[in-house]
Amino acid sequence: MFPSEDHLRRNVIEFADLDYPRLLEHETIEAALHRLRKTGFKSRAIYFYVVTSAGHLVGVVPTRRILLNVPDTPVAQIMERRVVAIPRSATLEDACELFILHRLLAVPVVDEERRMVGVVEATVYNEEMFRLADTSEQNWAEELFQLIGFTLSEIRRGSSVAIFQRRFGLLLSNLAGGLICAVLAGMFRDLLSRAVTLALFLPVVLALAESVSVQTLTLVLDRRQLGIFSGKRILSFLRREASTGTVLGLCLGTLVGGFAVAWAKQPRLFLPIAGGITLGLLIATIVGTVVPVIFWMAQRDARPSAGPVVLALTDVTALTTYLLIGMLMIP
């Protein structure tokens, strides 16, 4: 488990202000301010939340509206009825995601019956991000080296033999991927001999797929580091990355396919190249997401080992996809 996960899973009510300014639905601005002057409150007046006599949240009034409207204006007339709130059973992680999504300065906390129990300010999110940033600044070099297959501490403390063994073992993964790609290219030699230009773009296909898979892997590791990548969020992240990979593939495939047609004067190459790149980048995002998840399911730390494995699998799957599409589309 990463250091920030326990903190992010604490209940949001621990970070809420329980003494906050409340307006009653039936009051006027003048009556509400008079009551607040008498009772007082300790938290900052970022928003004024409107509740019923039973304490149920029904609206919110920005401070600016209180100042700009005449005193006898009914509170119900100037309040916003659609209020973003967070349940008291939520975690600090949920609150941070809410602040990112809605860009609010504060969020009310409500119980199961939507009675207001407190207010969480965006400063909580800011403090959490600064705390994580401090940790990240201390560990950025370590994480950078982990992404490429080994830890910085292994290099600093290990002997030459130990460093060689670690790096050689990881490079075997890349070597295996390269050898499989060589065998695949040999299996499709007839296709590549008929369409030599198709072979010339193999490095482009592999480079794009590797870049996308590493980008996806980095996002996965970052989310895991923040403690916000678990359970149902995996499928949501995978859908988002698959969509992104598809769009990137369509755009880059169109560019590369168009260049190939203009350069080689062979229109038949457009669809194989564009289609191969599109599917290759889609598969690259899937590989970049699934591989670290498999490591975590096996109770293994994905950071030091996932990079080489992802690159090797991406090379093999992207090349296979590219050549199969070429074989299907080029007679």
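The calculated FRET efficiency for the pair ARG64 and TRP263, based on their C-beta separation and a Förster distance of 51 Å, comes to about 0.30.
Close amide H contacts of VAL50 (hydrogens built in the peptide plane, cut-off under 5 Å, sequence separation of 5 or more or a different chain): LEU23, VAL58, GLY59, VAL60, VAL61. Across region 27-39, coupling constants 3J(HN,Hα) worked out from phi with the 6.51/-1.76/1.60 Karplus curve, θ = phi - 60°, read 7, 8, 4, 4, 5, 5, 5, 4, 5, 5, 5, 6, 8 Hz, and Gly and Pro carry x. Listing ILE325, ILE78, ILE277 from fewest to most neighbouring C-beta atoms within 10 Å gives ILE78, ILE325, ILE277. Taking 0.36 nm per residue of separation and subtracting the Cα-Cα distance, full extension of the segment from ARG240 to ARG82 would add 54.1 nm. In region 95-126, whose amide N lies under 15 Å from the spot 7 Å out along Cα-to-Cβ of LYS42? List them in ranges. In region 95-126, the label zone of LYS42 (backbone N under 15 Å from the point 7 Å along Cα→Cβ) covers 118-121. Rounded to 0.05, the FRET efficiency of the ARG9 and HIS34 pair, given R0 = 41 Å and the Cβ-Cβ distance, is 0.45.
Computed over region 5-125, the percent of Cα pairs more than 24 Å apart is 24.
Read the figures in this text as sums done on the coordinates, not as results from a lab. This is a predicted model, so every value here is computed, not measured. Cβ: placed from backbone, ideal geometry, glycine included. Neighbour counts: every protein chain shown.
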